[in-house]
1. By count of other Cβ within 10 Å, fewest leading, how are Ile250, Ile111, Ile124 ordered?
2. Listing Leu239, Leu10 from the residue with the fewest other Cβ atoms within 10 Å to the one with the most, what is the order?
3. For segment 35-112, go through all pairs of different Cα atoms, get the mean of 1/r, take its inverse, and jot down that Kirkwood value in Å.
4. For the chain, what is the mean residue ellipticity at 222 nm derived from helices alone (per DSSP H run of n ≥ 4: -39500 (n - 2.57); sum divided by total residues; nearest 500 deg cm²/dmol)?
5. Rank these for me by crowding, Leu258, Leu55, going from fewest to most other beta carbons within 10 Å.
6. Quote the relative contact order of segment 203-340 in percent (integer), defining contacts as alpha-carbon pairs under 8 Å separated by 6+ residues.
7. What FRET efficiency, computed as 1/(1 + (r/R0)^6) with R0 = 30 Å and r the Cβ-Cβ distance, is obtained for Arg220 and Leu16, rounded to the nearest 0.05?
8. When only Cα pairs under 8 Å and 6 or more residues apart are kept, what is the percent relative contact order across segment 1-104?
Amino acid sequence: MLDHAPSYYLATAKELTERPPLGESLTCDVCVIGGGLTGLSSTLHLAERGYDVVLLEAQRLAWGASGRNGGQLGSGQRKDPQELAKLLGPEAAAGLWKLAEEAKDLVRGRIARHNIDCDLKPGIMHVAYKPGDVAELTEFAEDVTRNHGYDDIEVLSKAEVAERLGTEIYHGGTMDWGAAHLHPLNYALGLAKAAEDAGARLFEGTAALSVDQGQKLRIRTGRDEVTADFAVLACNGYLEKLEPRIASRIMPINNFVLATEPLGEDGARALIRDDVAVADSKFVIDYYRLSADHRLLFGGGENYRRGFPNDLKSFVRKYMLRVYPQLAQTRIDYAWGGTLAVTVNRLPDFGRLGDNIYYAQGFSGHGLALTSLAGKVIAEALAGQAERFDLMASMPTYRFPGGTLLRWPGMVLGMFYYSLRDKL
Ligand SMILES: Cc1cc2nc3c(=O)[nH]c(=O)nc-3n(C[C@H](O)[C@H](O)[C@H](O)COP(=O)(O)OP(=O)(O)OC[C@H]3O[C@@H](n4cnc5c(N)ncnc54)[C@H](O)[C@@H]3O)c2cc1C
């Protein structure tokens, strides 16, 4: 059987029930392709509405970014409301802020309703890596408080950040108590169980090889096929050539995380006093938090090619030591990577192909909450209430220059330029 990538999350997973591969041809109302958070949330919402849903996952459920990520349940869209207002007008920007608020509530609601044991804890601190980043963080906090009625966020001085984190490298920040962090693999596996309880059929080790369009869609998997009225494409950074019409709107990139040995409660709280998650303001973000068993889970570094660096522990450790040099002697127990999809402007790409194929992809590192919302608005749209799906789809996204073949060189150069700026 295929397995998940080795990680701290895999080592502490609660429910690793295997699902069978598709062993016969089936007919259903909706075929969901991809068993990450987008696919699982779509499946659950659709099954709850009474649709007969079949989900196909090429590997294991939540095998991709959804089971490997930093676990930060952030507020808002990937761009702040002021930027969105310039692009789409103030009304749409306000609507998108509200949808993102609903996305976080949706995750919390699912965890409570389905009793998902996934270490949910409140709070994300955003910290300024350069002095010039303080103004942007402050402006965001002031804008969402004043214009969107969000009063869960406070501005922190340099000294307050240093007092709460065991490091002096930052220049100030904000504390967002309305955001949260969690164990993403356990959250995703909890959604999978809830989807099955709602009547959906989930298959692992079953890659969709092609989708033939028509009033009835035929999803071919090799020997067997699924015939469906609708399909949801939820393959994100692993889409490859399945649907060329949307592949050039995203770029798969790799990002990396490590887990230290357990530090004991006091050792862990000496790093992050309030047990919140932290994300800095660099282009290639450092993000970190404590695990339930008092390890530091630290995400840092990216690459833009197929394959991960050979020695991932050393690769991520150097980012961690810039923040916490006091961990120089600390053992690293796990390190892993994941592939996420980014879009040109970092806004997610929602849309339809014809009348009966829906897709959501390119969450650009901000997908934990918005994938859950994606499933909800896709289910609404399929049932004939498309306003909220259309609002998400109204965010402009573009094709990478050069399409799927030539997008890499331009992207790599661009990323290299920005990561160099982080270092200056
Ligand atoms: C290291 C890392 C850290 C991150 N940290 C955060 C964070 O802290 N906060 C945050 O909000 N976001 C974060 N993200 C982003 C977040 O994880 C993603 O936005 C989110 O998980 C996307 O979910 P998804 O279901 O769309 O895609 P995925 O989870 O990637 O799922 C896609 C699935 O589709 C399957 N698939 C692909 N092709 C086929 C096919 N042909 N047939 C069948 N199945 C197929 C794949 O096997 C995969 O399981 C991070 C991502 C990474 C990689």
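Only the coordinates and a few stated rules stand behind these numbers; no lab work does. This structure is a prediction, so every number in the text was calculated from the model and none was measured. Counting neighbours? That spans all protein chains shown, and the Cβs are built from the backbone with ideal geometry, glycine included.
1. Values: Ile250 27, Ile111 20, Ile124 23.
Arranged by neighbour count, lowest to highest, Ile250, Ile111, Ile124 become Ile111, Ile124, Ile250.
2. Leu10, Leu239
3. Values: mean 1/r = 0.0686 Å⁻¹.
Across segment 35-112, the inverse of the average 1/r is 14.6 Å.
4. Numbers: 13 runs with 150 residues, N = 424.
That calculation yields -11000 deg cm²/dmol at 222 nm.
5. Values: Leu258 27, Leu55 32.
Ordered by Cβ neighbours within 10 Å, fewest first: Leu258, Leu55.
6. On the way: 216 pairs, mean separation 33.7, N = 138.
Relative contact order, segment 203-340: 24 percent.
7. Working: r = 28 Å, r/R0 = 0.95.
The value I calculate is 0.60.
8. Numbers: 91 pairs, mean separation 25.1, N = 104.
The value is 24 percent.
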